[in-house]
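Asks: Before anything else, here's the structure in question.
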Amino acid sequence: MKHSLNIISSVVSSTLRQWHGSAGSKSVKQPPQMLILFDNENNPECRLVREALTELNLDVLIYPCPQGADRFAVQLQQYGGSNTSVPFLVDPNSHVKLEGAEAINAYLFQQYKQAPIPKHLDANKVNLFTSRLASIARLRGAIQVKASREPQQPLMLYSFESSPYSRPVRERLCELQLPYHLINLGKQQFADVGPANFRFHLGEYHPLPNTKRATLLAQKGQVQVPFLIDPNQSIELLESKDILAYLDKTYAQ
Ligand SMILES: N[C@@H](CCC(=O)N[C@@H](CS)C(=O)NCC(=O)O)C(=O)O
């Protein structure tokens, strides 16, 4: 798919989910140990979980499980037993293990915000239907596995769930079964809104202090997603098209 078409269908996908998974909490604290999610990017239930993670501003280690995948099947079975399916969440902080968007989102909101699931993230019929439409808009079925080299260490991706430019990168990480730390950079104020080179805000960009966005700006001089760090190759990359080409060149077989 041409890159511009890829981004347009990604915009449609986010629109069908009414851009949920854009805003990030200002109050939720990151737990000491990162959560783990066994995930398939285009799966409607997995999308609802990733939307919740963005809105709670929680980072997560993703183990991608596309259809036909085997790289993380043993871990998934060890955690959840045979016939466990995605989405499957492991919280090493509380030793909780959960399967399915409804149980996972209820847990995440209770544990990290002491609040019930907001209506738009509940795994009810309406939300599962719009999430299924968002999957269909990507003009592909369930993500299928592609042969790849396994990296020694997980990659790191700065993203937020509804980001149209980040979605194709997450899809490729999923196809290639590349584990990655997903650093969620949801929007925390009006100045965060808009494409990186054209924020809907006048003047210099200042993220809220003491946030992941502020740390990223201080360390790298800009805040733009997708932003990929590959510690295996000591590579840092912006620009979705370049990241896709890099992942293919480095890991696809
Ligand atoms: N040309 C870039 C565009 C990236 C971009 O504009 N990303 C948006 C999110 S979809 C962004 O970083 N917005 C600023 C922000 O979130 O702070 C690419 O293809 O990766």
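The values are calculated or read from the model by the stated rules, or taken from the named source; none is laboratory data. All values derive from a computational prediction rather than experimental measurement. For neighbour counting, all protein chains shown are included, and Cβ atoms are generated from backbone atoms with ideal geometry for every residue, glycine included. All accessible areas refer to the heavy atoms of the entire protein, side chains included, with ligands and DNA or RNA removed. Shrake-Rupley method; radii C 1.70, N 1.55, O 1.52, S 1.80 Å.
Asks: Hey, among 113, 125, 119, which residue is farther than 25 Å from residue 187 by Cα and modelled with pLDDT of 95 or more?
Replies: Values: 113 fails: farther than 25 Å from residue 187 by Cα; 119 fails: farther than 25 Å from residue 187 by Cα.
On inspection, the qualifying residue turns out to be 125.
Asks: Right, something else. Consider residue 243 carefully, then state whether it is closer than 26 Å to residue 6 by Cα, assigned to a strand (DSSP E or B) and in contact with a helix residue (DSSP H, G or I) (Cβ under 7 Å, 6 or more places away or on another chain).
Replies: For residue 243, the condition - closer than 26 Å to residue 6 by Cα, assigned to a strand (DSSP E or B) and in contact with a helix residue (DSSP H, G or I) (Cβ under 7 Å, 6 or more places away or on another chain) - is not met.
Asks: Return the residues of the stretch 101-128 that are open to solvent by 60 Å² or more (accessible area, probe 1.4 Å), polar (S, T, N, Q) and assigned to a helix (DSSP H, G or I); say none if nothing qualifies.
Replies: Hits for the stretch 101-128 are 110, 111.
Asks: Looking only at the stretch 192-222, filter to residues that are aliphatic (A, V, I, L, M) and open to solvent by 10 Å² or more (accessible area, probe 1.4 Å); which one of those is farthest from the chain's Cα centre (by Cα)?
Replies: 202
Asks: Next up: Being β-branched (Val, Ile, Thr) and over 19 Å from the mean Cα position of the chain (by Cα) is the requirement here; does residue 74 meet it?
Replies: Judged against the criteria, residue 74 is a match.
Asks: Looking at the stretch 6-55 only, could you name the residues that are part of a loop (DSSP other than H, G, I, E, B), over 26 Å from residue 78 (Cβ atoms) and among the charged types (D, E, K, R)?
Replies: 17, 26, 29
Asks: Quick one: would you say residue 51 is within 25 Å of residue 12 (Cα to Cα) and charged (D, E, K, R)? Before you say what the answer is, go through the steps one by one.
Replies: Values: within 25 Å of residue 12 (Cα to Cα): yes; charged (D, E, K, R): yes.
In short, yes.
Asks: In addition: Does residue 204 qualify as being farther than 21 Å from residue 4 by Cα, modelled with pLDDT under 95 and charged (D, E, K, R)?
Replies: In short, yes.
Asks: On to the next question. Scan the stretch 223-244 residue by residue and report those that are surrounded by 14 or more Cβ atoms within 10 Å (Cβ to Cβ), of a type in the set (A, V, I, L, M, F, W, C) and without any contact (Cβ under 8 Å) to a residue 24 or more places away in the chain.
Replies: 237, 238
Asks: Could you give me the residue pairs with C-beta distances under 6 Å whose first residue belongs to the stretch 129-148 and is farther than 20 Å from residue 250 by Cα, whose second residue is part of a helix (DSSP H, G or I) and open to solvent by 50 Å² or more (accessible area, probe 1.4 Å) wherever it lies, and which are 6+ apart or on separate chains?
Replies: Correct list of pairs: 130/16; 133/16; 134/16; 137/12; 137/16.
Asks: Being open to solvent by less than 40 Å² (accessible area, probe 1.4 Å) and either aliphatic (A, V, I, L, M) or in a loop (DSSP other than H, G, I, E, B) (or both) is the filter here, so list the residues in the stretch 56-72 that pass it.
Replies: Those that are open to solvent by less than 40 Å² (accessible area, probe 1.4 Å) and either aliphatic (A, V, I, L, M) or in a loop (DSSP other than H, G, I, E, B) (or both): 56, 57, 58, 59, 60, 61, 62, 65, 66, 69, 72.
Asks: Can you pull out every residue in the stretch 144-195 that is within 13 Å of the ligand (Cβ to nearest atom) and of a type in the set (Ser, Thr, Tyr)?
Replies: Correct list: 158, 159, 162, 163, 165, 166.
Asks: Mind checking which pairs have a first residue in the stretch 207-220 that is touching a residue at least 40 places away in the same chain (Cβ under 8 Å) and under 18 Å from residue 190 (Cβ atoms) and a second that is in a helix (DSSP H, G or I) and near the ligand (Cβ under 9 Å from one of its atoms), Cβ under 9 Å, 6 or more apart or different chains?
Replies: Close Cβ pairs satisfying both conditions: 208/191; 208/192.
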